[in-house]
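Read through the structure below, which is laid out as structure tokens, and then see the notes.
Taken together, the values in this text are just the output of simple stated rules run on the coordinates, not laboratory data. Predicted, not measured: the structure shown is a model, and the values here were computed from it. Backbone-built Cβ (ideal geometry, glycine too); neighbour counts: all protein chains shown.
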Protein chains: 2
Amino acid sequence: MGLSKKDEFTAKQNRLADYAKALAHPARVAIVEYLATSNACMCGDIVEVLPLSQSTVSQHLRELKNAGLIKGTIDGTSVCYCLNEEGWNEMQSMLGTFLVTMKKCC
Amino acid sequence: MGLSKKDEFTAKQNRLADYAKALAHPARVAIVEYLATSNACMCGDIVEVLPLSQSTVSQHLRELKNAGLIKGTIDGTSVCYCLNEEGWNEMQSMLGTFLVTMKKCC
DNA sequence: AACTATTATCGTAATATTACGATAAAGAAA
DNA sequence: TTTCTTTATCGTAATATTACGATAATAGTT
């Protein structure tokens, strides 16, 4: 009955699932896209770009941060968010292994 | 409140989000892992490997299939599921663009 | 100190996901 | 045909996510 069984999977499986979950919403994809191409990456800027309220954007940013895909450094009264290369590299390498071991069975 | 705003994002952003959502659960990561390394890929086999009921596994398989990450071909009374290379390639190339355009701003 | 700007958090309503048992559907075997 | 095997779907309960307004927190400005 809806009780989560995440404990029954390996840490690695959960880690990749967490990365994927962080990208599992178009708003968070849009945030990442913006951070990848922009240098002016205050949260305020992002709010202007997205069709969402400030509190909702802040929530999405926290999820990306918790997953390790972005990091934020305080800059006076605002926060400078940018992509966290380490997280991206780990996620990409995890995904890469599937392509390597992939076999066609049908 | 809580009304989804996915229409307000681009088709590409939603597409990547859908791929990511398909992998946003450790059970589905485990399924993909299994399919990547195994040749005997009936659903029944997968149920034995996972700590989940048959109906739950079937639901997860459907989500992976809808996202385009796996495909299933009917084989008599059972179904042979395997990875769908096209889907993986598209997802990987979408993710790849972030690494390419990624800039350090902090 | 009082005010402004920026971001985070709380409360909460709407919606979506997760999981299971029960049951249906369809082909294989008796 | 009847039975068995395998997978899908339905119903439903528990949990999680999404979104917003209101409010708090913190730093800068006047």
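Over the protein assembly as shown, dividing the summed -39,500 (n - 2.57) contributions of all DSSP H runs of at least 4 residues by the number of residues returns a 222 nm mean residue ellipticity of -18500 deg cm²/dmol.
Once the Cα gyration tensor of the protein assembly as shown is found, what semi-axes does its equivalent ellipsoid get, as square roots of 5 times the eigenvalues, in whole Å, sorted largest first? Don't skip to the answer; put the middle values down first.
Values: eigenvalues 227, 59, 48 Å².
The answer is 34, 17, 15 Å, longest axis first.
Across region B:22-84, the mean sequence separation of Cα contacts (distance under 8 Å, 6 or more residues apart), normalised by length, yields a relative contact order of 37 percent. Averaged over the residues of B:49-59, the number of partner chain Cβ atoms lying within 10 Å of the residue Cβ comes to 1.
Comparing A:LEU95, A:SER78, A:GLY44 along the charge dipole axis of region A:10-101, the residue lying farthest to the positive side is A:LEU95, per the Cβ-charge model. Charged side chains reduced to their Cβ positions (Lys and Arg at +1, Asp and Glu at -1) give chain B a dipole of some 540 debye around its Cα centre. Inter-copy label distances at B:ASP45, shortest first and taken from points set 7 Å along Cα to Cβ: 4.9 nm. Ranked from shortest, the separations from the 7 Å Cα-to-Cβ label point of B:ALA11 to its equivalents in the other copies are 4.3 nm.
Comment: the Cα-to-Cβ extended label point of B:SER78, at 7 Å, lies 5.9 nm from its counterparts in the other copies, nearest first. Ellipsoid semi-axes for chain B, based on the Cα gyration tensor and the rule √(5λ), read 29, 17, 13 Å when sorted largest first.
Averaging the sequence gap over all C-alpha pairs within less than 8 Å and six or more residues apart, then dividing by the number of residues, gives chain B a relative contact order of 24 percent. Straight-line reach from B:LYS6: taking Cα to Cα under 14 Å and skipping same-chain neighbours fewer than 8 places apart, the aspartates and glutamates in range are B:ASP18. Take each residue in B:75-85, count the other chain C-beta atoms within 10 Å of its C-beta, and the mean is 2. Please build a GNM for chain A, connecting alpha carbons under 10 Å apart, and tell me which residue among A:LYS71, A:LYS21, A:LYS12 fluctuates the most. It is A:LYS12. Rounded to the nearest 20, the Cβ-based charge dipole of the protein assembly as shown about its Cα centre (Lys and Arg +1, Asp and Glu -1) stands at 80 debye.
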